[in-house]
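This report refers to the structure that appears directly beneath it.
The values are calculated or read from the model by the stated rules, or taken from the named source; none is laboratory data. Computed from a prediction, not measured in an experiment: that's the story for all the values here. Glycine also receives a Cβ, built like all others from the backbone with ideal geometry; neighbour counts cover every protein chain displayed.
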Amino acid sequence: MSVTLRRRKNADGTTSLRLDIYTEGKHKIETLKHLQLAKTSNVTDRENNKELLQKAEAIRLTRAVELEGNNYNMDNEAGKKTIITIWMQIYIDSYAKKDKRNMQGVLNRFTIFLAAEKKTGLTFGSLNALLIEDFIDYLQSKSKGEGAKSYYNRFKKMLKHAYRKKFMKANILEEVERKAKGNAAKKDTLTLDEIKVLAATPTESSEVKRAALFCSVTGLAWIDVKNLAWGNIKMDSRQLEIVRSKLKAENNTVTIPLNNTAIKLLGTEGKPGQKVFNLPTANGANKSLKAWVVRAEINKKITWHNLRHSYGTNLIFNDVDILTTSKLLGHSTTGQTMRYVKAADELKQKATDKLNFDL
């Protein structure tokens with residue numbers, strides 16, 4: 001079995017790259033259409049072509065490792081030759097999950113980190129636990145809240161995949177003693193009294209006002225209320241049924257009972273395919289929301305997502321159990337709901353503090 005990188009000159013002066021793959025007596029050609037080399041006429045072209053060739057070589061090594069499977073040995077040079085950042089970019093390019101932008105974000109940070117460490121050509125064969133721990137420190141110095149932890153989890157995901165693909169003989173992550181730490185940044189929430197104040201405060205967009213108040217009593221995220229259609233509303237059973245946009249891959253329907261306030265905010269029922277709210281862009285809606293909160297003299301930083309947090313916090317504050325709250329919010333685990341328990345506990349503490357008096 002073998003995987004060979006081939007070049008072929010084109011009539012326009014460019015060069016096409018392909019892989020000749022021989023396995024079990026069969027020949028297969030894989031054309032790398034996205035890595036065509038330009039006709040070199042300046043330094044920039046040469047540098048770009050050099051980078052494309054590095055990517056092509058990384059793909060060649062990936063295919064070779066896949067063919068060799070469990071017979072792979074580090075001495076075969078695949079892991080020693082493969083530049084980690086190039087391999088990670090190839091992995092991300094074919095990554096199809098919703099956190100692709102975050103995956104790219106951690107690679108961008110890792111690339112900057114390696115440049116500062118003068119290790120831009122780092123290969124899997126040279127990766128060690130101490131360097132990974134230094135990268136953790138770098139992430140924590142550049143991140144707020146859970147940022148470092150979130151990025152490091154995605155970094156680990158890529159390294160685990162590389163290990164499964166046999167680019168490393170051992171799982172280097174098992175030797176890392178440090179953990180990325182981080183706490184979720186505290187988010188402002190609106191109490192029921194503040195929501196009532198907002199409802200009584202005029203704003204320039206009646207649709208934004210109606211949709212925002214609806215989210216505060218249903219917990220819908222921006223993308224879900226933006227796309228909400230009358231077909232999702234079951235007036236006879238006073239329920240709302242949606243597959244949350246963030247969880248479409250799981251195809252789980254979330255059912256939310258509608259209280260009298262939510263029913264009133266819906267207004268006159270339309271056709272099944274008609275949208276319930278006629279809303280502007282997310283930026284436009286958040287600008288209107290911000291101005292509305294200021295006009296209501298509520299000294300909190302409130303974006304659309306804070307309305308969902310307010311819903312979860314107010315449920316817990318009013319003694320709705322965590323499992324029910326989790327289901328209403330469409331969380332896959334109660335662990336995601338625990339943040340609202342902490343926020344509700346803080347509200348209860350503030351409430352009891354008002355009863356303090358001197359003895």
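Let's see how each residue does on (1) surrounded by fewer than 11 Cβ atoms within 10 Å (Cβ to Cβ); (2) more than 20 Å from Y91 (Cβ to Cβ); (3) of a type outside the set (G, A, S):
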{"position": "I21", "(1), (2), (3)": "no, no, yes"}
{"position": "K26", "(1), (2), (3)": "yes, yes, yes"}
{"position": "E30", "(1), (2), (3)": "no, no, yes"}
{"position": "Q54", "(1), (2), (3)": "no, no, yes"}
{"position": "A58", "(1), (2), (3)": "no, no, no"}
{"position": "T62", "(1), (2), (3)": "no, no, yes"}
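Return the residues of the range 289-307 that are of a type in the set (A, V, I, L, M), assigned to a helix (DSSP H, G or I) and touching a residue at least 40 places away in the same chain (Cβ under 8 Å); say none if nothing qualifies.
Keep residues of the range 289-307 that are of a type in the set (A, V, I, L, M), which gives 289, 291, 293-294, 296, 298, 302, 307.
Now drop any that are not assigned to a helix (DSSP H, G or I), which leaves 289, 291, 293-294, 307.
Hits for the range 289-307 are L289, A291, V293, L307.
Looking at (1) modelled with pLDDT of 90 or more; (2) loosely packed, with under 14 Cβ neighbours inside 10 Å; (3) hydroxyl-bearing (S, T, Y), find the lone condition where T201 falls short.
For T201, the exception is condition (2).
Just for helices (runs of 4 or more DSSP H) wholly inside the range 120-219: which have at least 1 residues that are out of contact with any Leu (no Cβ under 9 Å at 6 or more places or on another chain) and in the same structural domain as L328 (by TED's automatic domain parsing)?
On the way: elements: 129-142, 147-164, 192-199, 206-218.
Here the list reads 192-199, 206-218.
Specify which of the listed residues (I29, I84, I112) is aliphatic (A, V, I, L, M), within 30 Å of S141 (Cα to Cα), modelled with pLDDT of 85 or more and in contact with a Leu (Cβ under 8 Å, 6 or more places away or on another chain). Break it down stepwise before answering.
Working: I29 fails: within 30 Å of S141 (Cα to Cα); I112 fails: in contact with a Leu (Cβ under 8 Å, 6 or more places away or on another chain).
Exactly one residue qualifies, and that residue is I84.
Of all residues in the range 236-253 being modelled with pLDDT of 85 or more and loosely packed, with under 13 Cβ neighbours inside 10 Å, which is farthest from G270 (Cα to Cα)?
S237
What do you reckon, is N286 in contact (Cβ under 8 Å) with a residue 24 or more places away in the chain and either in contact with a strand residue (DSSP E or B) (Cβ under 7 Å, 6 or more places away or on another chain) or not basic (K, R) (or both)?
Working: in contact (Cβ under 8 Å) with a residue 24 or more places away in the chain: no; either in contact with a strand residue (DSSP E or B) (Cβ under 7 Å, 6 or more places away or on another chain) or not basic (K, R) (or both): yes.
No: the conditions fail for N286.
Can you go through F167, F135 and tell me which one is over 18 Å from the mean Cα position of the chain (by Cα) and modelled with pLDDT under 90?
Details: F135 fails: modelled with pLDDT under 90.
Residue meeting the stated conditions: F167.
When only residues in the range 206-235 that are aliphatic (A, V, I, L, M), closer than 17 Å to T268 by Cβ and buried (at least 20 other Cβ atoms within 10 Å of the Cβ) count, which is farthest from the chain's Cα centre (by Cα)?
Checked the range 206-235; the qualifying residue farthest from the chain's Cα centre (by Cα) is I233.
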